[in-house]
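Heads up, the thing below is written out as C-alpha cells.
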C-alpha cells in the first residue's frame, strides 16, 4: 500500500498506568469511495478513569491513502467515522495493539482488514454482521425496534453466541492467547453493559410488568460486576458508573427508607465496592462532581483514607487542581482559551469565540454546547424556546454552539432540531476545541452563563428546565 502524504503521529497514553512503556501502531488505508474527503478516529483515552477522548481527523487527498501512527501501551479500540451526513455514513469500531500495522481498504462493499492486527478486526466484523455489538442491541431497545421480552432473550444468550464466533474461526484467523483473553473479557463487559442498559431503559420508561431485580438477581451482585483485572479497560469504569446508578444505587434507595438515589450511589461507592474497582470508581465520581463544579469534602476525605493506587490518587489530585482553576474564572474577563476558540457562523464565516461573545455585550448569554446526536439536547429544545419567549424584553440571549461536523445539510438540521434559526455557531474543532480542552469537557449538553459584560458566571449552568428564575433575576439587574 502506498505511503500517505498525510501522516499524523500522536502520543496516546492509552489506559495510562504509571511507568508503562509505549509502542507504535500504524493504521494505513486506501479509500476507494467517491465523496469521502475526511476520515476521523476517536475514542483514544489518556486515562481509564476520566479523560477527554483523543480525536484524529485526516484529510484524504488525491492519493486516496492515509497513514496514522499511534503510541499505545496495550490493545485498545477506537471509532473510525467517515461520510457523516451522506449516504455513505459509516461508524466502525476498530482495534489496535502495540506493533500493529493494520491495513484498511474502504470501498462500496465495506471495509476489509489486512496486515498485522487484522484478525481481531475481522472477528469483530463478524460480531457486527451477526448483530452482536452492544450498540446494535441497545439501540434496538432504546428506539423500540424490539420488544422488551426479545431483548431479554438476546441478553441471556449473548455470551454464548459471542464465544461461539471465536470457536468457529478458521485456523488461519485464530487469535493469540492475549487477544483471545481480551475478546472474552470484552464479551463479559459487554454482557454487563446490556444488563445495565435494560435497567436504564426501565428507569426512564417505568416498566412495571417485569421485575428486573428479581429476574437478574444472580447477575447483578457487586461480585458479578467488579473485577480488578478490568480496571485498565477504558470502558470498565463507565460500566461501573452505570451499574452504580441504575442498579446498585437504585436498589439501595428502594430498600432503605429516606435514602435518595444519589445517596444510594454514594453508599454503594463507599460501602459496597472494594479494592482497585472502588478506588477507580470513586476517583471517577469525585472527578465528575468537580468537573461539574461540585466539591464534596466527605467523599474526598473518604477517598484519601482508602486510596492506595498512585494512578487513582493522581487523577483526583489533577481534578482538584483543575477545579480550583475553573473556580478562579468565575466573574473574570474571558480567558484566552475561550476567546481564541475558532467558530463559524451559519454562513460558514470564521470568527473567534471572543468576537462572537462581544456581539452580545449588554445581554445575559445563556449558552449551550450541543450536537444533533445528543438526545437530551434535542428533548430540551421545546422547553428552551418556551423559556426564551417568557423572557419577554429582558436582555437574555440563548446562544448555541454545535460540535457537529460541517456537511451540506448541517444548518438545515440544526434549525429544525433547535426550533430556531437565531444565534447558532459551530465549533470548528468540535469537542477538541481550545475551550473544550481547557475546561476538560467533551460531554453535551454543556451549559454556560455569561453576564452582560461577557464575564463567565457559571461554567456548568443549569439546564432549561430549572434555570428560569436565575435568568429572570440576572436579566433584571
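The values are calculated or read from the model by the stated rules, or taken from the named source; none is laboratory data. Since we're looking at a predicted model, the values are computed, not measured. Neighbour counts are summed over all protein chains in view; Cβ atoms, including those assigned to glycine, are modelled from backbone coordinates with ideal geometry.
Please verify whether residue 339 is more than 30 Å from residue 283 (Cα to Cα) and in contact with a helix residue (DSSP H, G or I) (Cβ under 8 Å, 6 or more places away or on another chain), treating the condition exactly as stated. So residue 339 fits the description; yes.
Conditions tested, residue by residue: (1) touching a strand residue (DSSP E or B) at 6+ places or on another chain (Cβ under 9 Å); (2) in a helix (DSSP H, G or I); (3) within 19 Å of residue 25 (Cβ to Cβ); (4) at pLDDT 90 or above.
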| residue | (1), (2), (3), (4) |
| --- | --- |
| 102 | yes, no, yes, yes |
| 119 | yes, yes, yes, yes |
| 140 | no, yes, no, yes |
| 149 | no, yes, no, yes |
| 152 | no, yes, no, yes |
| 160 | no, yes, no, yes |
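Filtering segment 278-296 to residues that are closer than 15 Å to residue 263 by Cα and either in contact with a strand residue (DSSP E or B) (Cβ under 9 Å, 6 or more places away or on another chain) or buried (at least 16 other Cβ atoms within 10 Å of the Cβ) (or both) leaves 282, 285, 286, 289.
For segment 129-141, the criterion of a residue being exposed (fewer than 14 other Cβ atoms within 10 Å of the Cβ), in contact (Cβ under 8 Å) with a residue 24 or more places away in the chain and within 26 Å of the chain's Cα centre (by Cα) is satisfied by at least one position. Just one of the listed residues (401, 443) is part of a loop (DSSP other than H, G, I, E, B) and within 23 Å of the chain's Cα centre (by Cα), namely 443. For segment 435-447, the criterion of being farther than 22 Å from residue 43 by Cα, at pLDDT 95 or above and not assigned by TED's automatic domain parsing to the domain that holds residue 83 is met by at least one residue.
Among the residues making up segment 164-216, those that are assigned to a loop (DSSP other than H, G, I, E, B) and surrounded by 12 or more Cβ atoms within 10 Å (Cβ to Cβ) are 169, 174, 175, 207, 210, 216.
For (1) surrounded by 15 or more Cβ atoms within 10 Å (Cβ to Cβ); (2) free of Cβ contacts under 8 Å to residues at least 24 places away in the same chain; (3) closer than 24 Å to residue 190 by Cα; (4) over 24 Å from the mean Cα position of the chain (by Cα), each residue gets a yes or a no:
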| site | (1), (2), (3), (4) |
| --- | --- |
| 34 | no, yes, no, yes |
| 50 | yes, no, yes, no |
| 56 | yes, no, no, no |
| 62 | no, yes, no, yes |
| 78 | yes, no, yes, no |
| 93 | yes, no, yes, no |
| 103 | yes, no, no, yes |
| 107 | no, no, no, yes |
| 118 | yes, yes, yes, yes |
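Here residue 421 passes the criteria (1) over 26 Å from residue 41 (Cα atoms); (2) part of a helix (DSSP H, G or I); (3) in contact with a helix residue (DSSP H, G or I) (Cβ under 9 Å, 6 or more places away or on another chain) except the one numbered (2). With respect to residue 263, is the statement that it is under 21 Å from residue 283 (Cβ atoms), in the same structural domain as residue 282 (by TED's automatic domain parsing) and touching a helix residue (DSSP H, G or I) at 6+ places or on another chain (Cβ under 8 Å) true? It is true that residue 263 is under 21 Å from residue 283 (Cβ atoms), in the same structural domain as residue 282 (by TED's automatic domain parsing) and touching a helix residue (DSSP H, G or I) at 6+ places or on another chain (Cβ under 8 Å). Scanning segment 238-264 for residues that are surrounded by fewer than 21 Cβ atoms within 10 Å (Cβ to Cβ) and closer than 29 Å to residue 77 by Cα yields a count of 5. If you check 239, 244, 250, 276 for being in contact with a helix residue (DSSP H, G or I) (Cβ under 7 Å, 6 or more places away or on another chain), touching a residue at least 12 places away in the same chain (Cβ under 8 Å), within 18 Å of residue 289 (Cβ to Cβ) and in a helix (DSSP H, G or I), only one passes: 244. Taking segment 301-392 as the region of interest, the strands (runs of 3 or more DSSP E) fully inside it that hold 1 or more residues being surrounded by fewer than 13 Cβ atoms within 10 Å (Cβ to Cβ) are 350-352. Looking across segment 395-413, the residues that are buried (at least 17 other Cβ atoms within 10 Å of the Cβ) and either within 16 Å of residue 365 (Cα to Cα) or touching a strand residue (DSSP E or B) at 6+ places or on another chain (Cβ under 6 Å) (or both) come down to 396, 397, 398, 399, 400, 401, 402, 403. Which one of these is over 23 Å from the mean Cα position of the chain (by Cα) and not assigned by TED's automatic domain parsing to the domain that holds residue 189: 241, 214? 214 is the lone residue from the list that is over 23 Å from the mean Cα position of the chain (by Cα) and not assigned by TED's automatic domain parsing to the domain that holds residue 189.
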